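One structure follows; several queries about it will come next.
Each value in this text was obtained by applying a stated rule to the coordinates, not by laboratory testing. As the structure is a prediction and not an experimental result, all values here were calculated from the model. Note that we place each Cβ from the backbone using ideal geometry, even for glycine, and neighbour counts take in every protein chain shown.
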Amino acid sequence: MADRKASNKWIPPDFDPKKTSSINAYHGSHPLRERARKIKQGILVIRFEAPWNFWCESCGAHIGRGVRWNAEKKKVGAYYSTPIYAFTFTCHLCSNTIVFETDPKNCDYRITKGGRRKKDTWDADDAQSIVVPDQQEKDKRAQDPMYMLEHQASDKHRAAEQQPRLVRLVQLKEQTTKHDYDINSKLRNSFRQEKRKLKAKADKDNALLSKASLDIKLVPEDEGDVALAKHTTFGQHTPTTMRTARDAIKRQSIFSHAYTSSASKHSQSDNNSSNRSRSGGDTPRAQVT
């Protein structure tokens, strides 16, 4: 928003650059707008982030590292030529005023009001982090040449041990950033294909839901359900069975049915005649006198 206000300026017709140096001076405003409402007191509103975990002394709430506030930044002193700044903000739970100050001597921050720092103990070697020497260590190295020489030797030994790891990191960086355009193009292409598949599946599901007038969420298709559906049979209703039988009768030929009926009748009459002839031959004839 501030960039938009700075780039899109409207110059009024009565603006005279000879009388006023800038548009902000003409309107009586500051380029930083609301952030500079206390600029005459040396206070600038910034976005401050907690450098480490701490507790609020008023409500006892634990506030984690990385939590941000709108804080008032003000210069409160100096360490040699390095300025010391104070950041004032309120707790988001109890409106307690908390003040942080920079500590250039120890390259750190400190709480001067409203909070208590949480002491975290850890090993720098396990965390693979760089340990910043304090002022006493710096003074000892500057005053004792032998001590300084020992530390230089240990630093060289540590650098030799870490060299293979550093080489791998450099190679990994070259692999991932040397052809960044091609890699980005391939990733975008794969994302587009996946997006098309998801859209096609969503359209298919919506069409099925509209056809069945359902308002439910479809789950992904399962292979077991597909196999079970293929082996499932449903019985037909009686009207459908009767209609199928009538259609089968209509498709049959009437001549084949008549021929079959007449043939069965002739066969039955022949059987009766043969039976009568056999019974007549076996019966003895009566003698006529």
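Measure up K18/K74; K119/K140; K19/K40 against 29 Å on the Cα-Cα distance and list the ones that go over.
Working: K18/K74 34 Å; K119/K140 26 Å; K19/K40 23 Å.
Too far apart for the 29 Å limit: K18/K74.
Starting from the Cα gyration tensor of segment 28-76, multiply each eigenvalue by 5, take the square root, and state the resulting semi-axes largest first in whole Å.
28, 11, 9
How far, in nm, would the chain grow between Q41 and K105 when pulled straight, counting 0.36 nm per residue and subtracting the alpha carbon separation?
20.4 nm is the gain from fully extending Q41 to K105.
I've got another one for you. Between R116 and L169, what is the spin-label point distance in nm, taking each point 7 Å from the Cα along the Cα→C-beta axis?
Those two pseudo-labels are separated by 3.7 nm.
W55 to H151: extension gain in nm, 0.36 nm per residue of separation minus the Cα-Cα distance?
In short, 30.8 nm is gained.
Here's another thing I want to ask about it. Once the principal axes of the Cα atoms of segment 32-121 are found, what is the range along each, listed largest first in whole angstroms?
Here the spans come out as 37, 31, 19 Å, largest first.
Now, a different point. Considering the alpha-carbon set of segment 138-196 alone, what are its Rg and its Dmax in angstrom?
Calculated on Cα positions, Rg and Dmax stand at 22.6, 69 Å.
Further, regarding this structure: Quick one: Debye curve from the alpha-carbon atoms of segment 55-100 only, equal weights, vacuum; give me log10 I(q)/I(0) at q = 0.17, 0.21, 0.31 Å⁻¹ to two decimals.
Log10 I(q)/I(0), no solvent term: -0.56, -0.75, -1.14.
Modelled label-to-label distance, S81 and K18, 7 Å Cα→beta-carbon offset: nm?
Each label point lies 7 Å from its Cα, and together they span 4.4 nm.
For the residues W69, W55, W10, what sequence is obtained by ranking on other C-beta atoms within 10 Å, fewest first?
W10, W55, W69
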